[in-house]
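None of the figures in this text is laboratory data; all of them are computed from the coordinates on show. Small disclaimer: the values here were computed from a predicted structure and weren't measured. In this analysis, Cβ positions are derived from the backbone assuming ideal geometry, glycine residues included, and neighbour counts consider all displayed protein chains.
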Amino acid sequence: MESSVFFGLSTMAYFLAMMTYITYLAFRKQQVGVLATTLTIFGFVSQTIAFILRWNEFSVLGGMGFMRSVPLTNLYESLIFFVWCLIAGYLIIEFKFKNRSFGAFITPIAGLALAFIDLTGVSKEIEPLVPALKSNWLLAHVTMSFIAYAAFSVSFSTGLMYLITKTEKRNELAYIFWTVTFGIFAVVFVAMGIDMFAFKVAVKPDVFVQTYLFKTSFFNPSPIVKIVSWILGLTTLFIIWRYGLFLKKVIEKFNVTADMLDEITYKSIAIGFPIFTLGGLIFGAIWADQAWGVYWSWDPKETWSLITWFIYAFYLHGRMIRGWKGKKVAIVAVIGFTAVIFTYLGVNLLLSGLHAYGGME
Amino acid sequence: MEQEKNMTFVDRIWKFFASVKLAIVIFALIASTSIVGTILDQKAEPAKNIQILTKLFGESLAPSLYNIFDKLGFMDMYHSWWFTSLLGLFALNLIICSADRLPRIWKLVREPLGPLTEDNLKKFPMNREFIVKGKPDTVKDSVTDALKSTRFRFAEIKEENGYQLYAQKGNYSRLGVYITHLSILIILIGAVIGIRFGFKGYLNLPEGDVSHVAFSGKDKALPLGFEIRCDNFDVEFYGASDMPKEYKSWLTIIKNGKEVLRKSIVVNDPLTYEGITFYQSSFGLVPDGLNRGIFIFNVAPAKGQNSTINLRFGDTFQIPGSSVSGKIVNFSPALKIDENGSASTYANHMDNPAVLIDFFDAGKYKYTGWILKRHPQTWQLPDGNRVEFHNYWGVEYTGLQVRKDPGVWIVYLGCIAMSIGLFIAFFLSHRKIWVKLVEEKNNTRVIIGATANKNRTAFERKIDGSISILNKKQEGEK
C-alpha cells in the first residue's frame, strides 16, 4: 500500500471530524460527540500508518538506514507531522479533561494545515537528502521540535480562548489584543486563500510567498484594489473588535472554565518548553557543531528559536509575578506562538527572500 | 514600606538585580532586539543591507536608516557592545537572583517534616476526613498498606489518642530551577572560553596540496601547529541528477614531516587533531586547474590487458596493443549537449566532467568524441577499445571549516545540566502528606492533608484511590 492513500484517508477524516465537532457544539448530542472522536481517531491511525509507510519508502529510496530516514526533511512532511502531533495532543486533552469542545478549534487547524499543503502544492515528492541532513540528529531534533510546536499551538488556542472569556470591556488592552490578533490571523488566511484561488499556482512555498502573496489584495499593482483591500481588512478588524464579545458567549456555552483554559495553557507550555529546549535548541546546537563546526552562529533560524525560547521563558517567569497571572501571561502565550510560526515558516519563507541565499549550501 | 525605606543602597541594588521583573524585562529586550539581526544580514557588505532596507522602507529612507543602524552596531549586532552587555546583565541577574533565593529554598529542601495539628491539616487545599472501624493501632497498618501505591516512606509518632504519619517526596525537585539557571551560566562560560581561546577559520585545500595554516576573515593566517594534506576529494550524486548525495575528502595530518593520521571526512563526520577540528563544508574548482590536473584513465583495448594511465591536458596516449592513439583537446567540468549537438559548460562545479579526445589510427585522424566520467556508455569507442574516465585529480579543492574551541565541552556539560534541570523543574513535584489517626468511640477518625507544588490533581487522584481501597477493604471485613 502506498502512503498517499492513507494520507488522503486521514485528511478526509479530519475534515469530517471538524464538521462533526462543530455540529456537536451546536446540538450537544452524545452520539455526535462519539462520532467526532471516532473520526479523529480514525484519521490519526491512518496518518500514523501513512507516516510509517512513507518512512519506509524514504529509507528504501534513499538507500539509508531506517533511523536516518525519518520523513521530516521538507515543509510538506513537517506540516503533516505537525498536524499529527497536534491531533495526538488534542486526543490526550479530550480524554484527560473529558471535554470535546476544543475539538471544534483544533480540527480546523489540522484541516487548514492540510488544505494549505494541497493548495500551495508543496512538493509531495520524496526528495533525496542533502548531505548536511544525513545525521542521526535529524530524527531527535526534528520530531522533538514539532512535538513542542504542537504543544505551543495548543497553548495558543487555549490562551486566546482564555482572553476571550476573561475580557469584558472594549477599551481593555487584553480585549484589543485578542481581537486584533484574531482579526489579523483571519484576514491573512482569507487573503492567502484568495491568492491561491486567483493564481492557481503550484510552486514552491517560498516562491509563492515572494511572488504571489497578497498580490490579489494588499500588494496589488492597481492602487484601487490595494486601497479597497486595506479598507476591507481594517473593517474586518473593526467588526471583530466591535462584536468580539459575542464569541465570549459562544465559548461560555462550551463548558470550559477560565481556570481550565489557564491550566491547559500552562501545562502545554510546561511540556513544550523543556522539549523545545532539549530537542530544538540543544540538539540543534550539537548537530550544527558536528556538521558545520559551530554550535551557535546567530543565523536567523537559530536566533528565532532563541526569541521563541525567551518569550516562553517570559511566560513561565511572568506567572510568578503578582498581578501578572491570568490575562497578561495569556497575552505572552499568544505572542509566543506567533514567534513559533515565524521560526518554523517565516524564516524560510520571508527572510530567505530578503537574504536570497544562493549557491551550494 | 518601612522596611524599604531602611534598605541600604547595596540592598536596593541587590534587590533590583534579584527581581523576576528585571529578568522578564531582559528576556523581552533580548528577544525584541534579536529580531533586527535576523532581518539585516550580519557582517555583510553595506550594499546588501541597503538593498534589504530599500525593500522594506523604500529608496528614500534606506541610506539614512542604514547609517542609524550601522552607528548602533546592528550590522554585527550579536557582537556589539550593547548586546554583549545585555547578555552580561542576563548572567548577572541569573547569579544574583539564584543567590538570593537559593539559601531559602535549600533550607526548605533540607528541612525535615514534622507533625502538624488537626487544624493545620484541614487548611490544606487537599484534605480528606473519614471514619474507619477499629482502633488506631490496627487502622494504622491498613492505612499505610492502602497508601503503598503512593510510595511514601512514612515517619510516625504516637500522639495523645492516636498516631500521626507523615512523609515527603521529591523535595529536591525544588532545585531543578536553580540547576537550569546554573546550566545557562555554564553555557555562557563555555562560550566565552571558546571565543577567548579558540578560533574559527576556513581552508580551501586543493587535491594534493599541503597547508600548515587555516584562514580567518580577510585571509588572516592561523597557524595550525601541524600540516594537513588533501589526498583526494570526490562527490557522489543521486542517480543521474546533479544533487550531491555525499562529498568526501581524504585527509592526511603530517606532524614534523611524519604522517600521523589519515581519515576521510564527510559532512556530519569531521576530523579532529590536537584540538583542531576540520569539517567538510564546501568544494569547488581550482582556478588554474588545467595546468595542474591529472586525468586518470583506465584503457581497455579490444584485445589485451587493461592499464591505468595518468595524463595532463594536451597529452597524447596510446591504447596498448593497438595502433590507436588519443589526444586530450578539451575539458568541461559540467558538460551539456543541447538538441543541436553543440556542447557547453553549465556549472562551475564538477557536476558532469567530460574530456574531449581526438583519436588517431597510425597517426591518421579518425574521430573526436566526448568521454564523460558519469556516463560509462560514452567510454566505448567505435573500434572496440574502451577509454574509462575515472578521475580528474588536482582540479578541485575541498572547502574545510577549521575550528578550535576548548570551551565546547563546557557548553555540552551545560546542555546536559540544563536537560536535567528542566526535567526536574517541570516533571518532578514536591509532595507532602500527613495522616492523622484519632481514636473516637472504638473507631478511628482519619484526617489526611497533602500538598504538591505540581500536578496536584494527579496526586489528589492517587490519594482518593488509596482511600477507596481502604473503604473497600472495610466493607469486605464487615
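Here are some notes:
- Label point 7 Å beyond Cα of B:Q305 along Cβ direction - residues of the stretch B:377-403 with amide nitrogen under 19 Å: B:385-388
- Label point distance in nm, B:Q474-B:S32, each placed 7 Å from Cα along Cα→Cβ: 6.0 nm
- Given chain B, longest segment not containing exposed loop GluC sites (Glu not before Pro) (DSSP; at most 11 other Cβ within 10 Å): B:161-338
- Environment charge at B:N391 (Cβ cut-off 11 Å; Lys +1, Arg +1, Asp -1, Glu -1): -3
- Within-10-Å neighbourhood charge of B:F237 [Cβ basis; K, R +1; D, E -1]: -2
- DSSP bridge orientation in the stretch B:290-393 - percent antiparallel, rounded to nearest 5: 95 percent
- Of the trypsin sites (Lys or Arg not before Pro) found in the stretch A:1-73, the ones in coil according to DSSP and having at most 16 other Cβ atoms within 10 Å of their Cβ are A:R28, A:K29.
- Taking GluC sites (Glu not before Pro) across the stretch A:1-102, the ones in a DSSP loop with at most 16 further Cβ atoms lying within 10 angstrom of their Cβ are A:E2.
- For the stretch B:1-80, trypsin sites (Lys or Arg not before Pro) are listed when DSSP marks them as loop and at most 16 other Cβ atoms sit within 10 Å of their Cβ; the list is B:K43.
- Shape parameters for the protein assembly as shown, alpha-carbon atoms, Rg then Dmax in Å: 33.8, 126
- Stretch gain in nm, segment B:K255-B:K133, where the contour uses 0.36 nm per residue and the Cα spacing is subtracted: 35.4 nm
- B:A47-B:R312 pseudo-label distance in nm [points 7 Å out on the Cα-to-Cβ vector]: 3.8 nm
- Exposed loop sites here mean chymotrypsin sites (Phe, Trp or Tyr not before Pro) with a DSSP loop assignment and at most 15 other beta-carbon atoms within 10 Å; chain A contains its longest site-free run at A:1-218.
- Estimated from the Cβ-Cβ distance and a Förster radius of 30 angstrom, the FRET efficiency linking B:W81 and A:L232 is about 0.05.
- Residue order, fewest to most beta carbons within 10 Å, for B:I309, A:I224, B:I228: A:I224, B:I309, B:I228
- Rounded FRET efficiency, nearest 0.05, which uses the C-beta distance separating B:R101 from B:E236 and R0 of 56 Å: 0.50
- Neighbourhood charge, 13 Å Cβ-Cβ cut-off, centred on A:F66 and excluding it, Lys, Arg +1 and Asp, Glu -1: +1
- Label-point gap, in nm, between A:L173 and B:L92 - each point 7 angstrom along Cα→Cβ: 2.6 nm
- Along the stretch B:349-357 the Karplus relation, 6.51 cos²θ - 1.76 cosθ + 1.60 evaluated at θ = phi - 60°, assigns HN-Hα couplings of 10, 7, 6, 8, x, 9, 10, 9, 10 Hz to successive residues, with x for each Gly and Pro.
- Using the Cβ-Cβ distance between B:W14 and B:F197 with R0 set to 45 Å, the FRET efficiency works out to roughly 0.90.
- Partners of B:K336 within straight-line reach, counting lysines whose Cα lies under 20 Å from its Cα and excluding those fewer than 8 residues away in the same chain: B:K373.
- At q = 0.17 Å⁻¹, base-10 log of I(q)/I(0) for the stretch B:2-108 (Debye sum, equal scatterers on each alpha carbon): -0.83
- Globularity ratio of the stretch B:290-393, using Cα Rg and 2.2 N^0.38 Å: 1.03
- Too-long pairs where the Cα-Cα distance tops 25 Å, listed order kept, from B:K169/B:K472; A:K169/B:K15; A:K134/B:K55; B:K107/B:K462; B:K148/B:K454; A:K249/A:K325: B:K169/B:K472; A:K169/B:K15; A:K134/B:K55; B:K107/B:K462
- Spread of Cα-to-Cα distances over 5 Å intervals beginning at zero, given as percent, for the stretch A:1-119: 2, 12, 21, 22, 16, 11, 8, 4, 2, 1, 0
- Chain A: translational diffusion in µm²/s, Stokes-Einstein, Kirkwood Rh over Cα pairs, 20 °C, 1.002 mPa s: 99 µm²/s
- Within the same chain, aspartates and glutamates fewer than 8 places from B:K140 are excluded, and of the rest, those with a Cα less than 20 Å from its Cα are B:E118, B:E129, B:E156, B:E159, B:E160, B:E439, B:E440, B:D464, B:E475, B:E477.
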